[in-house]
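Undergrad: Below you will find the structure I want to go over with you.
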Amino acid sequence: MKKLLTLVLALGLVLSMVASASALTIAFSQIGQESDWRTANTDSVTAAIEGHEGWEFVYSDGQQKQENQIQALRNFITQGVDYILFTGVVTSGWDEVLTEVNEAEIPLILLDRIPDCADKIEYKAAFGGDFPLEGRRQIQWAAKYLESIGKTEDVKVAIMEGTTGSDAQVGRTEGNLAALADYPWMEVVGQQTGNFTRAEGQALMESWLKSIEKIDVLIAQNDDMALGAIDAIKAAGLVPGKDIIIVGCDSVKAAFEAIVAGDMNATIECTPLYGPFVVKAIEDLEAGVEYDKTVVHPEEGVYDCVGGIEVEGTTSVLAADVIDERQY
Ligand code: GYE
């Protein structure tokens with residue numbers, strides 16, 4: 001009897017050690033909920049962490065304000081969380097607070113938008129899109145598509161940018177402008193922010209249609225703005241996808257639907273599904289596997305109304321063929 005009791009007690013001790021070894025509190029400072037991409041991103045990370053045994057998830061929505069995010073990070077430090085996941089609304093101004101995170105020795109994982117102080121701070125892993133590549137692909141797709149329909153003269157392009165100063169806006173704009181240098185027959189006639197939201201995309205397109213004489217191509221740095229712009233184009237009596245060629249970015253399901261409906265022409269993929277990446281990284285880090293500071297870019301495609309268009313590193317896929325498999 002005594003032996004059995006000792007055994008039961010020992011087993012209980014082992015079990016509680018295992019449980020405490022894997023019990024982690026993982027906090028996420030997210031930027032807000034401006035787009036379908038962002039919703040899918042929050043859902044992916046939340047489901048992955050909450051679905052993991054023994055892990056507790058602490059979430060903070062920054063509502064697009066840097067000061068809210070700084071406050072959230074300081075709260076995470078005070079709470080003594082075990083990991084911090086961080087996406088910064090803009091690229092600059094994080095040096096101080098991220099140094100505080102480092103000083104508190106809380107492992108930091110950078111997601112999606114990488115801060116410009118990344119080379120000066122410590123972080124354990126980083127996952128994000130290749131924004132300059134996405135920007136180049138947007139222009140390359142538009143140029144190749146126009147070439148395929150024989151429209152290579154005097155093409156006017158409007159670039160609807162994302163949230164000013166965000167990594168995605170900075171990188172995609174850099175990519176858009178770099179690729180445009182290869183197509184001198186494309187001229188930029190509008191370049192302004194639509195803040196990555198449907199409402200601002202619609203409002204900006206309305207104002208452009210009143211103030212700019214001719215727009216042949218809309219490059220929208222995310223699909224939500226493209227979808228807002230489509231409403232404005234229809235309201236102005238024009239035909240989106242024909243009178244104005246529309247190239248978005250993200251590849252959200254609503255963009256696939258717009259492409260299949262003929263309202264939109266292409267979307268460059270940028271995956272928000274970082275949940276599994278984060279879980280793997282934390283499990284690895286817990287097991288002593290280290291990552292280097294390279295930002296891991298998931299592999300991404302291009303989806304469109306025709307299929308078979310060659311852009312840098314990939315060939316477009318007909319959206320209608322894969323719409324049913326879309327996860328976000
Ligand atoms: O493209 C946009 C979202 O940072 C990659 O943010 C992300 C961007 C995405 O609002 O839809």
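Undergrad: Given the criteria modelled with pLDDT of 95 or more and touching an Asp or Glu at 6+ places or on another chain (Cβ under 7 Å), does ALA254 qualify?
TA: On the way: modelled with pLDDT of 95 or more: yes; touching an Asp or Glu at 6+ places or on another chain (Cβ under 7 Å): yes.
The answer is yes for ALA254.
Undergrad: Scan the stretch 320-328 and tell me whether some residue there is surrounded by fewer than 16 Cβ atoms within 10 Å (Cβ to Cβ), under 19 Å from ASP112 (Cβ atoms) and of a type outside the set (D, E, K, R).
TA: Within the stretch 320-328 (the criterion being surrounded by fewer than 16 Cβ atoms within 10 Å (Cβ to Cβ), under 19 Å from ASP112 (Cβ atoms) and of a type outside the set (D, E, K, R)), the answer is yes, since at least one residue qualifies.
Undergrad: Restricting to the stretch 217-249, and then to whatever is away from the ligand (no atom under 16 Å from the Cβ) and part of a helix (DSSP H, G or I), can you tell me which residue is surrounded by the most Cβ atoms within 10 Å (Cβ to Cβ)?
TA: Residue satisfying both the conditions and the ranking: ILE233.
Undergrad: List pairs: first residue in the stretch 295-321 and touching a residue at least 60 places away in the same chain (Cβ under 8 Å) and in a strand (DSSP E or B), second residue surrounded by fewer than 16 Cβ atoms within 10 Å (Cβ to Cβ) and of a type in the set (Val, Ile, Thr) anywhere in the structure, Cβ distance under 8 angstrom, at least six positions apart or on different chains.
TA: VAL302/THR315
Undergrad: Just give me the residues in the stretch 40-89 being of a type in the set (Ser, Thr, Tyr) and touching a residue at least 60 places away in the same chain (Cβ under 8 Å), in sequence order.
TA: Listed by number, the residues that qualify are SER44, THR46, TYR83.
Undergrad: Here is a further query. One residue is enough: does the stretch 81-93 have a residue meeting the conditions more than 18 Å from GLY128 (Cβ to Cβ), among the polar types (S, T, N, Q) and modelled with pLDDT of 95 or more?
TA: No; the residues of the stretch 81-93 include none that is more than 18 Å from GLY128 (Cβ to Cβ), among the polar types (S, T, N, Q) and modelled with pLDDT of 95 or more.
Undergrad: Hey, THR197 hits all of (1) hydroxyl-bearing (Ser, Thr, Tyr); (2) within 13 Å of the ligand (Cβ to nearest atom); (3) within 23 Å of ARG136 (Cβ to Cβ) but one; which does it fall short on?
TA: Every listed condition holds for THR197 apart from (3).
Undergrad: Here's another thing I want to ask about it. Please name all residue pairs, on different chains or six or more residues apart, with Cβ atoms under 8 Å, provided the first residue is in the stretch 107-120 and is within 14 Å of ASP292 (Cα to Cα) and the second residue is in a loop (DSSP other than H, G, I, E, B) and among the charged types (D, E, K, R).
TA: Within 8 Å, the pairs are PRO107/ASP82; PRO107/LYS124; LEU108/GLU122; LEU108/LYS124; ILE109/LYS124; ALA118/LYS293; ASP119/LYS293.
Undergrad: Also, quick follow-up: For the stretch 148-186, name all the residues that are surrounded by fewer than 14 Cβ atoms within 10 Å (Cβ to Cβ) and not aliphatic (A, V, I, L, M).
TA: SER148, GLY150, THR152, GLU153, ASP154, THR164, ASP182, PRO184, TRP185 - these are the residues of the stretch 148-186 that are surrounded by fewer than 14 Cβ atoms within 10 Å (Cβ to Cβ) and not aliphatic (A, V, I, L, M).
Undergrad: Please go through the stretch 148-175 and give me each residue that is aliphatic (A, V, I, L, M), within 16 Å of the ligand (Cβ to nearest atom) and farther than 10 Å from GLY135 by Cβ, ordered by number.
TA: The answer is MET160, and nothing else.
Undergrad: Here's a follow-up. Residue under question is THR294, and the condition is that it be exposed (fewer than 15 other Cβ atoms within 10 Å of the Cβ) and under 13 Å from GLN138 (Cα atoms); does it hold?
TA: When the stated conditions are applied, THR294 does not pass them.
Undergrad: A follow-up question, please. Scan the stretch 117-133 and give yes if some residue there is within 14 Å of the ligand (Cβ to nearest atom), acidic (Asp, Glu) and crowded, with 23+ Cβ neighbours inside 10 Å, otherwise no.
TA: Among the residues of the stretch 117-133, not one is within 14 Å of the ligand (Cβ to nearest atom), acidic (Asp, Glu) and crowded, with 23+ Cβ neighbours inside 10 Å, which makes the answer no.
Undergrad: Test ILE259 against the stated conditions and say whether it is not aromatic (Phe, Trp, Tyr) and not in a helix (DSSP H, G or I).
TA: no
Undergrad: Using the structure shown, decide if LYS214 is more than 16 Å from the ligand (Cβ to nearest atom), under 16 Å from ILE159 (Cα atoms) and without any contact (Cβ under 8 Å) to a residue 60 or more places away in the chain.
TA: Yes, satisfied.
Undergrad: Restricting attention to the stretch 49-58, does a residue exist that is part of a strand (DSSP E or B), at pLDDT 95 or above and either within 16 Å of the ligand (Cβ to nearest atom) or closer than 19 Å to ASP284 by Cβ (or both)?
TA: Looking through the stretch 49-58, at least one residue is part of a strand (DSSP E or B), at pLDDT 95 or above and either within 16 Å of the ligand (Cβ to nearest atom) or closer than 19 Å to ASP284 by Cβ (or both).
The values are calculated or read from the model by the stated rules, or taken from the named source; none is laboratory data. Since the structure is predicted, the reported quantities are computational estimates derived from the model, not experimental observations. Heads up, the Cβs are rebuilt from the backbone with ideal geometry, glycines too, and the neighbour counts pull from every protein chain shown.
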